[in-house]
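Chemist: Here you go, one structure.
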Amino acid sequence: MVINIIDESSNTSKSIWDYFNKVKNNNKVIAKCKHCKNAKYSITNDTTTNLWRHLKKMHNSFLGVSTSQSTLDKFNTKHIENKNISNEFTEESFRQWMAEWIIFEDLPFTIIEGHFKSIIERALKIKVVSADTIQRNILQKYSQIHNNIHQELQASSKLAFILDIWTSISIIGITTDNASNNNTIIDNIELWAIEKILTFSDKNHFRCFAHVLNLAVQAGLKHLKEEIEQIRNIILKCHSSSQR
């Protein structure tokens, strides 16, 4: 078994590898946290999302985040389970479990009807609510979380947005409309990509086909304005005629 430490010190920008050692074990690349004995992650296609997530969870201070600082992670869908749901099986607790199941799995409300409803009612001897009822329950849950976030933001004097961008060796493409200022944005992104040694150029800039098609149709309709007006008048006369 051959283990090599890969040198990442040449990275000029602030890098995740300031906090992890990149170890090559046979054909696998493993990232080991410099501050945790047993924290290690397999690296695939140079993605480092799990590493940043570990750093944020276990070593917030390295990122300049105060341990007393409040974040909105607690409102993430992974953390919105109702802690008030009893472990005891009741119709009410089952309804809330179904609501969370639909939310987490992004399922249609109607999934609880039909054959599913028949099986559950026969097996568990309980009444399964309708899709409309479960929809109301979920919307009430959404409203509750929405209000909690609103109150949290109102109580904060400062607000910071941090983006965990997926690491890639290239940008596949950027789609925009035909506004001229988008060309300026693309030019600046190209300069940024060169600085970061990323593959990107104006060839990766794509015009939105739906937008282009809409502009073409609107331009064509302007040339047919008189004809369209005549057709509209004919239709109005036909509708108003008693012989139609």
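What follows is calculated from the coordinates using simple rules that are stated; it is not laboratory data. Note that this is a predicted model, so its numbers are computed, not measured. As a convention, Cβ positions derive from the backbone with ideal geometry for all residues, glycine included, and neighbour counts pool all protein chains shown.
Chemist: If you take the beta carbon distance between Val23 and Ile174 as r and set R0 to 25 Å, what does 1/(1 + (r/R0)^6) give as a FRET efficiency, to the nearest 0.05? Could the numbers behind the result be given before it?
Modeler: Values: r = 35 Å, r/R0 = 1.39.
Plugging the Cβ-Cβ distance into 1/(1 + (r/R0)^6) gives 0.10.
Chemist: Something else about it: Express in nm, to one decimal, how much length is gained between Asn182 and Val217 on full extension, taking 0.36 nm for each residue of separation and deducting their alpha carbon distance.
Modeler: Extra length available between Asn182 and Val217 comes to 10.4 nm.
Chemist: On the Cα set of the range 174-237, report Rg and Dmax in Å, please.
Modeler: According to the Cα coordinates of the range 174-237, Rg and Dmax are 19.8, 66 Å.
Chemist: Sticking with this structure for a sec: Need one number: nm distance between label points at Ile126 and Lys57, each 7 Å from Cα along Cα→Cβ, rounded to one decimal.
Modeler: 3.0 nm
Chemist: Okay, next question. What distance in nm separates the two pseudo spin-label positions at His150 and Ser118, each 7 Å out from Cα along the beta-carbon direction?
Modeler: Between His150 and Ser118, the simple spin-label model gives 4.3 nm.
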